[in-house]
Structures are given as structure tokens and as C-alpha cells.
Amino acid sequence: MTAAVAGFNLKRKTVTEHGGIVMEKDQIVEKKKEDSFGAAERRVRESVERLQLPSVVYEFLKKPQRFMEASIPVQMDHGGVELFSGYRAQHNNVLGPFKGGIRFHPGVTAASVKALSLLMTLKCALIGVPFGGGKGGVACNSLEMSAAEKERVSRGYIRAFVDLIGPEIDIPAPDLFTDARVMGWMVDEYCALTGRYTPGVLTGKPVEVGGSVGRKEATSRGCVYVAREAAKICGITLKDATVVVQGCGNVGGQAAQFFSELGCKVISVCDISGGLYRAEGIAIPDLLDHVKETGLIEGFAGGEKIAGEELLTMDCDILVPAAMENQLTAANAPEIKARLIVEAANGPTTPEAEQILSERGIFLVPDVLANSGGVTVSYFEWVQNNQGLYWDLETVNQRLEKMMVEAFHTVYRFGRERSAGGTLREAAYGYAVQRLAEAMRLRGWY
Ligand code: NAD
């Protein structure tokens, strides 16, 4: 069976022969869609102009300092070898080593990896961790791979980029369709190739091999902390506030859990298999057990089945896109009823949609701020690896909360003082660009 991946048509096709073995391969045809990442570069330029910074700051930020592409040969279970395209973008390291996740997804392209690496540079500057921005990925349909194939892709990625990463150079992490298990294989491959135990080369590892407690849930936890602060500004009382979450993976599933722990009613959740609705609130722990067991929301009996797209325009207080980019578009933005949108995913809102939402007075917490909890605890993990001294969960969560709350209010204040009338995204970009520009000046880059 061919797994559906949102935004892509996957067609099974017999295309290659290796030593007499006929291999099947997915032909991936990208559907035309609006671009939410293209706007990031423009926003950086506008911030440079608005803050009257030298134009060379924009020249530094508009593209990665270094970009690498590799063909990764992978032995497949059927005996043949397939070549996958792997990428690593090292965007900017003025504040510290490059840092950013690795995606295993058919939609991974050179352009998307470059765009995401810019977001990481901004995110790290914004939240105040001493890292630059990077991103990586492998164009593959990992949903259809066996665990053994996925392991071979993971090890192949590290073999391709081993000389270009390291705890003081570039520190990858999990992202879409990669997880702690993948990081475990990757760190093992790196240690084997270099002959040194170097857990700080990657973050998001299993706790048993140098990961930090609280890392897995950090993006969602951080997202809920900023949602709580934004809700105060919007006059939303969290007790019984209605929340809908698109995506039930690492970020969406845990976010739904934390919202329900705060007393919110999570009335709808969806994933690639469709959506679920329950007016009284879905029993999130039961749903997460089901997803853990089956991998999908499909088949969970605790709610009414709905189409995934219905969820975005549902009547609710808080909407949390936590799946993919380009989900809130000019087509659905006029119908969105949420009062507050918290972008847990990267790039879920197209520029046109954002304009419409802003005109309609819907408060939006942008991705660079809302989902920076993951990189914050990745930073904690790297600190612990470097020190060889490990913290407890309470310490991790307290430090995360402090940094997220401070970052939210700093950006909100910056927006009121420096870009009155602008969106919170403009404020976030402005604040990050200003920090990056000052570090570049002090390091003598201009
Ligand atoms: P994941 O692979 O664990 O989960 C993705 C979820 O989205 C799955 O439930 C999948 O079924 C669902 N999904 C995919 N396409 C969908 C669609 N069109 N409609 C509805 N559901 C759909 O990925 P994740 O780690 O949870 O990441 C989600 C988003 O958050 C991505 O944009 C990622 O870049 C961003 N992000 C993740 C982290 C992290 O720490 N994992 C940190 C920052 C940002």
C-alpha cells in the first residue's frame, strides 16, 4: 500500500533494475502550492530596512554560508540499492555552531532545506541560545521504509556529512519523520567513524545515550507556554478554552496533551489519516495511546470522524497548526474562526493568509517563536553533554519556561516599541535580525 503524504501524490511504479532484481520506487509528484518560506527572506530584508541596518546584514542572511548535497546509497530490504538525495544547509554561525533538524520526507528539496535553515538562524537568535542556524534532510518516503532501511538511511546521512558536523561545528536534531531512535543510530555512526564518544554532535537523542529528559516534549511544552502568555493578551481564559490541533506527531500530540492538562478542551485533532471531533473535549491520553500503538488517529473511537481540512476552520479559541507548511492559505484564512493561532509547525501560514488573518484581528504567534522550545532544550542537552552532568526534569522545564516566557514578552514589547501596528512575526524577525546584526558587527563581519 502506498502511504499518503500531505501535499504530494505518490504513485507506485516499477522503474529500476539492479542485477536482475526489479525494484519498485515511489514516483513523487509535487502538487502546486503556495510558498510560506519564500516570504522569510523578504521579511529579513524588510527588517534590515525598517531597523536601518547596513544592507550587508541582509546579504549575509539571505542565503546559507554553506550548502551541501550528497547521494546516499541505501541497501533496501528487497536486495537492491537505491540512491537518495541528502542535504545540509549551514546558514549562519555568528552566534555559535550551526543547529537544525534533519527531515526524512519526500518534500525535502535543496530550496526547502535552505529556507528552513534561515528560520533556524532567526529562531536561535530570538530565543537566546548560542547557536546559529542549519537544516538537513533526505528526500525519501520514510513512512514506507522498514526500521532497518531507515537505520541505513540514517547511517548513510552521517557518512555523507561526517566531516562537516560536530559539537562545535554543526549539531543536527530530529525533525519531520525523524525521532530519537534516528538520532541514536546517527550518534552511533558518528562515534564509530570518528573513534570518539561525542554525544554533543546531535541533540534529541534517547535519554539512555546522552539525551536530555524533557527534550521529546520540549517543542510542545514551549509552544503551550507561549500560547498561555498570548492568551492573556487576547483575553482568553484557558480553563475550558476550546483548542484544535492539526497534526498528532511529536509536536501536535504532546501539545494537545499539555493544553488539556491546563484545563482546555481539545475538541479536534487530525493527522494524515483524517480528523476527530468531540465537543466535550477528546480524551487526549487515550488518543495518544492509540496513536502510539497504531501510528495513526484512524480507528480511535473517542470522537466523531471528520475530514482533516474541516478542523482548520472550526469554531474554537486557539488553533495550533502542528503538521506541515502552507496549511493556512488565502483559501481558508477568511473562514478561520480561532481568536489565537499558535504556529507549532514551521511555516504553516502563507503570506497571503497571514495578511487576511491580521486584517481580521486574529492574533498569531509565529513559528520562530512558538516552536523554539525544541531548540532550547536541545541547547540544554548539548550543555549537559559538554559538562557530563545531567539535570532533572524539573530543572529542564523550569529553565525552558523562563526562556520561552521571556522571549515572548521581549518580542511583544519590541513589536510595540519598534514596529507599532506590525504583526508579531514582524517583531520576531526584527528582534532576531537586530541581534544577529550586532553580533556580526562585533565580530568584525562588517
Ligand atoms: P511528526 O512527523 O512527529 O508529526 C507530523 C504529524 O503531522 C503527523 O501526525 C502527521 O500524520 C501529521 N500530518 C502531516 N501532514 C498532515 C496534513 N496535511 N494534515 C494533517 N496532519 C498532517 O513531526 P513533528 O516533529 O511533530 O513536526 C511537526 C512540525 O513541527 C513540522 O513543521 C516541524 O518542522 C515542526 N517542528 C518540530 C520540532 C520537533 O522538536 N519535533 C521542533 C520545531 C518545529
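What about residue 224, is it away from the ligand (no atom under 13 Å from the Cβ), in a helix (DSSP H, G or I), among the hydrophobic types (A, V, I, L, M, F, W, C) and surrounded by 24 or more Cβ atoms within 10 Å (Cβ to Cβ)? Please lay out each step first, then the result.
On the way: away from the ligand (no atom under 13 Å from the Cβ): yes; in a helix (DSSP H, G or I): yes; among the hydrophobic types (A, V, I, L, M, F, W, C): yes; surrounded by 24 or more Cβ atoms within 10 Å (Cβ to Cβ): yes.
Spelling it out, residue 224 is indeed away from the ligand (no atom under 13 Å from the Cβ), in a helix (DSSP H, G or I), among the hydrophobic types (A, V, I, L, M, F, W, C) and surrounded by 24 or more Cβ atoms within 10 Å (Cβ to Cβ).
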Would you pick out the residues in the stretch 145-166 that are within 16 Å of the ligand (Cβ to nearest atom) and either open to solvent by less than 40 Å² (accessible area, probe 1.4 Å) or touching a helix residue (DSSP H, G or I) at 6+ places or on another chain (Cβ under 7 Å) (or both)? 145, 150, 153, 154
Are any residues in the stretch 189-221 within 17 Å of residue 255 (Cβ to Cβ), in contact with a Phe, Trp or Tyr (Cβ under 7 Å, 6 or more places away or on another chain) and either open to solvent by 10 Å² or more (accessible area, probe 1.4 Å) or of a type outside the set (Gly, Ala, Ser) (or both), and if so, which ones? 221
Inside the stretch 266-290, the number of residues satisfying the requirement of being farther than 21 Å from residue 333 by Cα, surrounded by fewer than 20 Cβ atoms within 10 Å (Cβ to Cβ) and in contact with a helix residue (DSSP H, G or I) (Cβ under 6 Å, 6 or more places away or on another chain) is 1
Out of (1) on the phi < 0 side of the Ramachandran plot; (2) open to solvent by 10 Å² or more (accessible area, probe 1.4 Å); (3) in contact (Cβ under 8 Å) with a residue 60 or more places away in the chain, the one residue 99 does not meet is (2)
Scan the stretch 292-328 for residues that are open to solvent by less than 30 Å² (accessible area, probe 1.4 Å) and more than 22 Å from residue 242 (Cα to Cα) and report the count. 2
Working carefully through the options 379, 390, 429, find the one that is surrounded by fewer than 17 Cβ atoms within 10 Å (Cβ to Cβ) and among the aromatic types (Phe, Trp, Tyr). 390
Which residues, counting only those in the stretch 167-188, are without any contact (Cβ under 8 Å) to a residue 60 or more places away in the chain, away from the ligand (no atom under 15 Å from the Cβ) and surrounded by fewer than 18 Cβ atoms within 10 Å (Cβ to Cβ)? 188
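The values are calculated or read from the model by the stated rules, or taken from the named source; none is laboratory data. A quick note: this is a predicted structure, and the numbers were derived from the prediction, not measured. So basically every Cβ, Gly included, is an ideal-geometry build from the backbone, and we count neighbours across all protein chains shown. Only protein heavy atoms, including side chains, enter the accessible area calculation; ligands, DNA and RNA are left aside. Shrake-Rupley method; radii C 1.70, N 1.55, O 1.52, S 1.80 Å.
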